[in-house]
Structures are given as structure tokens and as C-alpha cells.
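Note sheet for the following structure.
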Amino acid sequence: MKPGIIIAHSTELDTVKAAEDIFQQLRNLLSQGFVHGGIIYSHIKHDTHLLQQELTNRIHIPFVGVTSSYGTAISYSGFHLDYPIISSIWFYGDCKFGLAGCEKSGDNRQVGFSLRDNALKNAGLSNEDTNFLIYHSTPGSETSILTHVFEGLKPGTLVIGGSASDNDITGNWKVFSSEKVFQDGAVLAAGFWPYKMAFKFRSGYTPTRKRGIITKAKERILLEINHRPAAVVYNEWLDGILTDELNRGAIVIEKTALTPLAVTRHEELGLTAYVLIHPRSIELPDQSLTLFADVKEGEEIVLMRSFKKLMIERAGRTASLALNYSSLRPKDVEAALIFYCAGTMMTIKNEIKEMLGGLEYSLQGSPYLVAFTLGEQGCLFPGKVDHGNLMNCMLIFSKIQA
């Protein structure tokens, strides 16, 4: 059977009915034994444990899942803020697709190796045959684990990822598999798609001239820029808009969504790209910044800037760039999987329909699924994975021979 992808979703408010709804959309393919597995994107208002149990009872094939802020969006379904939609993407036919999940306990190296080896084994793939990965993790250690997942795979392997999210950053996010729900875990899909694919991992933000060197940091705490308190420098770069928060310590997410920081990534041919880092809060007494991604001492850090109009246009433009780079037309697309940062989504929440309209215009009717995540993963340059914030990443599966 030709390789294919089906996107199934439910708008049922009742979790049991939602699981049944998704099963019914897959029923014919499941009865023929053609489906290899799938990935579930669930609104946080659904009971994750109940959803996992109900899907396992009905769909007797592997799946993994992740919670997505404020729901998901799929082709021409519209999007209603905070409506408990469940969406899913399933692979079937003459492709390979394997899944794995585990707790994030112990050594990140071993977690990454375990995820990779189990997903490849379940797909019946070798390191050399694998050509795409889809990765989801609860927030924390995303880069470290994914780096070890990527070890041993060919540099051209396409990687797309999104961190689990909830609506208010209180830690209610989860990932899950057909075997277990993980409060602090990671899941991975590894596959071989026999046709062309298109990929893009980008910010849509522009670097400013305001930049410095990280002189003191520890993972997701930025202490100093150019040997000065990080929040003081950042407030100066923003012309004092965080002065009140600087004096009392506070969350600064909303004020900084269009003016985050970024660390630079350089490619051998002299190209420069930027991994966005979204500050979460100013901490006292040291006037440090807590972040949603790791930074390292010695890295260059840059003030970035964007505008709501560009964020509205970003998803559609990302799709067009991915298609053009891979010489694909919208009619060649089997399905597109997109992770769009929840922080950016909330910045343009009143213009979501316009954002999705731009995406649908670029894909011209091809099926897609958008999940809103709290961090995005991908490769800015081949052979190296990164984790950033406020970004969007996209993997497009085509029907055209590679």
C-alpha cells in the first residue's frame, strides 16, 4: 500500500467520546492492519490518563502524545482559543514509523540513547535508514536529550520537536505513550518516509545591534551580560520598559514576546542563524533572568525584534520557504506537521484566524496539523540540533519521489 498520513481529530468535550471519535476516523485503516502508529496532541483540559487509557483500549497499535497549549488547529477546522480539541497524525502503508517513550530520570545521555534505540527498533530501522525524527519532551533538558538522540544518525536526518505545554505554565503539561503517562518524560517518533520532505526551523525575528557576551550563566538562568546583571542590561536594551519589574522582580513573558533574546549559531560557509531565548522572569536580589532555554557562558547574546504583523504572516511564510527550498508544490503535499510557539500564539490570539488563513493559502488545501508548544526543536544547520523559544518549525511530507 502506498505510504500515507491521516490527520484525525475530535472536538468532543467528553474525553471518552473524543477517543471514540478518533478511533472511528481510523477504523477502516486499522482493520486492514496498515497503520504503524501515531502522535496525539491534546488540550490540557482533557484528562490525559483517561485519554491514554481510552485510546489504548480502542487502538491496538503504538502511539505517543503531548499536551498542547490552548488546543490545536488542523486544515480548515478553524481554531477556538482554549477549546479542548484533540488532534492526531497517523502514518500508514509503505513507510516505516516507530515510537518510544521514557521518564527523564538519570543521565540525559542514556535517556537519549534509550529513546533513539527503542524508536528505531520499533520502526525496524537502522541509523542510516532513518530520515526523520519527531520529538516531544516536558520542559527541561530538551537540547541535551535530543543531542544524544541525534548521535549516530546521518547529518541530513530531519528533526522537528515541540515541548509539552499547558495554559498557564504551572507544570500541568505531560507526554504519554500507549503504555504510560509521563509527568516528566520524553517521547520520540523515528521514521523513514520514501518520498521528498520539506523542513524549516525559523524565528521570523530580526537581530538588532544590541548584543553582548554571556559572562555568567547556569543552564536556564542568565546572570550576567558583559559582566553586568543580565536584567539590567536587558532593560537598557529595551529602553527601560522593564524598570518596574527590575525593582520588584516579576514575570516578564508578555512584555518580551516581541523583543526576546537570542544566541547565535554559525555555519561553516559563514551563515549566521539565531536561536530565540524567551525570558520568563526577573529574579532578585541578583537581577538575573530566568529563561525558557539553556544558555552558556561565552555565547553571544542578541536582542531580537519582531512585530505582530510578521508573527501573523510567519506560519504561511515558513510553509512557502520550506516548499520552495525543496522544489515542491502545494499539490505535492501529503501532510504538514507544524509546531508554533504558544507564547507567540498568545501575542496574536485575536488574529489566529488570519495566521491560519496565511498557512492555508501557502499549502492550498493540503492537510496540516498545528500544535502550540512551549519550546521548539530543530536543525538550523544540518547535523546539529537546537532548542529555542518563540520559534516555529515545520515538517512537510510529500507524494513526490525523492
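The values are calculated or read from the model by the stated rules, or taken from the named source; none is laboratory data. Remember, predicted model here, so these are calculated numbers, not experimental data. Here the Cβ positions follow ideal geometry from the backbone for every residue, glycine too, while neighbour counts run over all protein chains shown.
Output yes when any residue across segment 372-385 is assigned to a helix (DSSP H, G or I) and modelled with pLDDT of 95 or more, and no when none is.
At the first step, the residues of segment 372-385 found to be assigned to a helix (DSSP H, G or I) are none.
No; the residues of segment 372-385 include none that is assigned to a helix (DSSP H, G or I) and modelled with pLDDT of 95 or more.
Filter segment 280-328 down to the residues that are charged (D, E, K, R) and without any contact (Cβ under 8 Å) to a residue 12 or more places away in the chain and list them by number.
Initially, segment 280-328 is screened for residues charged (D, E, K, R), giving 280, 283, 286, 294, 296-297, 299-300, 305, 308-309, 313-314, 317.
Result: Lys309, single match.
Can you tell me which residue among Phe91, Phe63, Phe79 is at pLDDT below 95 and under 18 Å from Gly162 (Cβ atoms)? Let's see the steps before the verdict.
Numbers: Phe91 fails: at pLDDT below 95; Phe63 fails: at pLDDT below 95.
That would be Phe79, the only listed residue that is at pLDDT below 95 and under 18 Å from Gly162 (Cβ atoms).
Does segment 330-350 contain at least one residue that is modelled with pLDDT of 95 or more, among the basic types (Lys, Arg) and touching a helix residue (DSSP H, G or I) at 6+ places or on another chain (Cβ under 8 Å)?
no
Are there any strands (runs of 3 or more DSSP E) wholly within segment 123-229 with 2 or more residues that are surrounded by fewer than 21 Cβ atoms within 10 Å (Cβ to Cβ), and if so which?
Numbers: elements: 132-137, 158-163, 175-177, 185-192, 195-202, 206-218, 221-225.
The qualifying strands (runs of 3 or more DSSP E) are 195-202, 206-218, 221-225.
Of all residues in segment 232-250, which are in contact (Cβ under 8 Å) with a residue 12 or more places away in the chain, assigned to a helix (DSSP H, G or I) and more than 25 Å from Gly204 (Cβ to Cβ)?
Val232, Glu245, Leu246, Arg248
Given Leu303, Leu276, Leu284, Leu258, which one is under 20 Å from the mean Cα position of the chain (by Cα), closer than 22 Å to Lys218 by Cα and among the aliphatic types (A, V, I, L, M)? I'd like the intermediate steps shown before the answer.
On the way: Leu303 fails: under 20 Å from the mean Cα position of the chain (by Cα); Leu284 fails: under 20 Å from the mean Cα position of the chain (by Cα); Leu258 fails: closer than 22 Å to Lys218 by Cα.
Only one candidate passes the filter, namely Leu276.
Regarding Leu390, is this residue at pLDDT 95 or above, outside the structural domain of Gly212 (by TED's automatic domain parsing), over 15 Å from Val275 (Cα atoms) and surrounded by 22 or more Cβ atoms within 10 Å (Cβ to Cβ)?
Working: at pLDDT 95 or above: yes; outside the structural domain of Gly212 (by TED's automatic domain parsing): yes; over 15 Å from Val275 (Cα atoms): no; surrounded by 22 or more Cβ atoms within 10 Å (Cβ to Cβ): yes.
So Leu390 does not fit the description; no.
Which one is farthest from the chain's Cα centre (by Cα), of the residues in segment 94-107 that are small (Gly, Ala, Ser) and modelled with pLDDT of 95 or more?
Gly98
Restricting to segment 329-348, what's the tally of residues that are free of Cβ contacts under 8 Å to residues at least 24 places away in the same chain and touching a Cys at 6+ places or on another chain (Cβ under 6 Å)? Please lay out each step first, then the result.
Kept after step one, since they are free of Cβ contacts under 8 Å to residues at least 24 places away in the same chain, are these residues of segment 329-348: 329.
If we keep only those that are touching a Cys at 6+ places or on another chain (Cβ under 6 Å) too, we end up with none.
Residues in segment 329-348 being free of Cβ contacts under 8 Å to residues at least 24 places away in the same chain and touching a Cys at 6+ places or on another chain (Cβ under 6 Å): 0 in total.
Tell me, yes or no, whether segment 359-370 has at least one residue that is among the β-branched types (Val, Ile, Thr) and over 20 Å from Ile312 (Cβ atoms). Before you say what the answer is, go through the steps one by one.
So the first thing to find is which residues in segment 359-370 are among the β-branched types (Val, Ile, Thr), and the list is 370.
From what is left, the residues that are over 20 Å from Ile312 (Cβ atoms) are none.
Looking for residues that are among the β-branched types (Val, Ile, Thr) and over 20 Å from Ile312 (Cβ atoms), one finds none in segment 359-370, hence no.
Of all the helices (runs of 4 or more DSSP H) wholly in segment 251-364, which have at least 3 residues that are surrounded by 20 or more Cβ atoms within 10 Å (Cβ to Cβ), touching a His at 6+ places or on another chain (Cβ under 8 Å) and outside the structural domain of Ser137 (by TED's automatic domain parsing)?
Details: elements: 253-256, 308-325, 342-347, 352-363.
Counting at least 3 such residues, we get no helices (runs of 4 or more DSSP H) at all.
Which one of the conditions (1) polar (S, T, N, Q); (2) surrounded by fewer than 16 Cβ atoms within 10 Å (Cβ to Cβ); (3) over 17 Å from Ala186 (Cα atoms) does Ser87 fail to meet, given that it meets all the rest?
With respect to (1) polar (S, T, N, Q); (2) surrounded by fewer than 16 Cβ atoms within 10 Å (Cβ to Cβ); (3) over 17 Å from Ala186 (Cα atoms), Ser87 is out only on (2).
One line per residue, one yes/no per condition, for (1) of a type in the set (A, V, I, L, M); (2) under 19 Å from Ser88 (Cβ atoms); (3) under 14 Å from the mean Cα position of the chain (by Cα); (4) at pLDDT below 95:
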residue	(1), (2), (3), (4)
Gly112	no, no, no, no
Asn122	no, yes, no, no
Ser126	no, no, no, no
Tyr135	no, yes, yes, no
Ser178	no, yes, no, no
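Of all residues in segment 71-83, how many are in contact (Cβ under 8 Å) with a residue 12 or more places away in the chain and surrounded by fewer than 20 Cβ atoms within 10 Å (Cβ to Cβ)?
Step one: filter segment 71-83 for residues in contact (Cβ under 8 Å) with a residue 12 or more places away in the chain, giving 71-79, 81-83.
Narrowing further to those that are surrounded by fewer than 20 Cβ atoms within 10 Å (Cβ to Cβ): 75-79, 81-83.
Residues flagged as in contact (Cβ under 8 Å) with a residue 12 or more places away in the chain and surrounded by fewer than 20 Cβ atoms within 10 Å (Cβ to Cβ) within segment 71-83 amount to 8.
What pairs come out if I take residues in segment 1-25 that are over 21 Å from Asp82 (Cα atoms) and pair them with residues that are assigned to a helix (DSSP H, G or I) whose C-beta lies under 7 Å away, six or more apart or interchain?
So the pair list comes out as Ile6/Leu26; Ile6/Leu29; Glu20/Arg58; Phe23/Arg58.
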